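The values are calculated or read from the model by the stated rules, or taken from the named source; none is laboratory data. Fair warning: this is a prediction, and the values are worked out from it, not measured in the lab. Glycine also receives a Cβ, built like all others from the backbone with ideal geometry; neighbour counts cover every protein chain displayed. The protein model used for the area step is the full one, side chains on, heavy atoms only, and it has no ligands, DNA or RNA in it. Shrake-Rupley method; radii C 1.70, N 1.55, O 1.52, S 1.80 Å.
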Amino acid sequence: MIERMATFIGGATGPWQVAKMDAVVGPPLEKVARLTIFEGNLAALPKEGRWLLRGVTSHARYVTRKEQDTLTARQPSLGRPEATCAALIPIRKSASWWNLTQDERRRIFETQSHHIKTGIKYLPAVARRLYYCRDLGEPFDFLTWFEYAPADAAAFEQLVAALRKSEEWRYVEREIDIRLVRDDAASR
């Protein structure tokens, strides 16, 4: 995967209308009406923005070759016309998580939490992209972006519920759940 920087801007404008915005764990982000995704590093907050979050795509971590091949084969592309629903879920994990070694995190991530197996069950209905931001000095470690059709909303809720019940989620100290609906009129 080619590394790509993205900037998520919460504010008054953008093609994604915020339907719901909840702090699941930890302090909230300021409520906004819209979201824009800028491909690249937007250094300054635009005047209509209230906050921005930056992340970069990178190679997958904690996966075996077989898991990566399965994910690649089943993962749909983002931007599908029917996928008018989305979720941006920024997550920060605790120092306890980051103090674990790579193999200890892998064991929790997959052996105990079954994160990848759980996610694969919901492909191709739910497309996803993970942005890393811990090393960028951002307030979150990861920005998780999901897109799905309205008909797949229940499946997405099942996915999120399953992941939040996992062993891995004991290490989450901040999580914001932002649900979005694409406003095609705003993107013209």
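When the residues TYR62, TYR148 are ordered by accessible surface, computed with a 1.4 Å probe over the protein chains alone, the sequence from largest down reads TYR62, TYR148. Surface composition of the chain: carbon plus sulfur atoms hold 53% of the accessible area, using a 1.4 angstrom probe and ignoring ligands, DNA and RNA. Close amide H partners of VAL25, meaning residues 5 or more places away or on another chain with modelled amide H under 5 Å apart, are GLU175. In the full protein context, region 56-188 carries 49 Å² of accessible surface per residue, based on a 1.4 Å probe and ignoring ligands, DNA and RNA.
With all pairs of separate Cα atoms included, the chain yields a Kirkwood hydrodynamic radius of 17.1 Å. Every helix of 4 or more DSSP H residues in the chain counts as -39500 (n - 2.57), and over all residues that averages to -5500 deg cm²/dmol at 222 nm.
Solvent-accessible area of LEU136, all protein chains in place: 80 Å² (probe radius 1.4 Å, heavy atoms, ligands and nucleic acids excluded).
Sort out the exposed loop GluC sites (Glu not before Pro) in the chain (DSSP loop, at most 15 other Cβ within 10 Å) and tell me the longest stretch that has none.
Details: sites that count: GLU3, GLU30, GLU48, GLU82.
By the stated rule (loop sites, at most 15 other Cβ atoms within 10 Å), 83-188.
Across the alpha-carbon set of region 100-188, the Rg to Rh ratio works out to 1.00, Rh being the Kirkwood radius.
By how many degrees, 0 to 90 and rounded to 10, does the Cα axis of helix 65-74 deviate from the longest principal axis of the chain? In the chain, helix 65-74 runs at an angle near 30 degrees to the longest axis.
By a 1.4 Å probe calculation restricted to protein chains, SER58 has an accessible surface near 10 Å², given to the nearest 10.
Within the assembled protein chains, the solvent-accessible surface assigned to LYS117 is about 130 Å², based on a 1.4 Å probe. Helix 153-164 and the longest principal axis of the C-alpha atoms of the chain enclose an angle of approximately 50°. Sorted largest first by accessible area at a 1.4 angstrom probe radius, with every protein chain in place, the residues MET5, MET21 fall in the order MET5, MET21.
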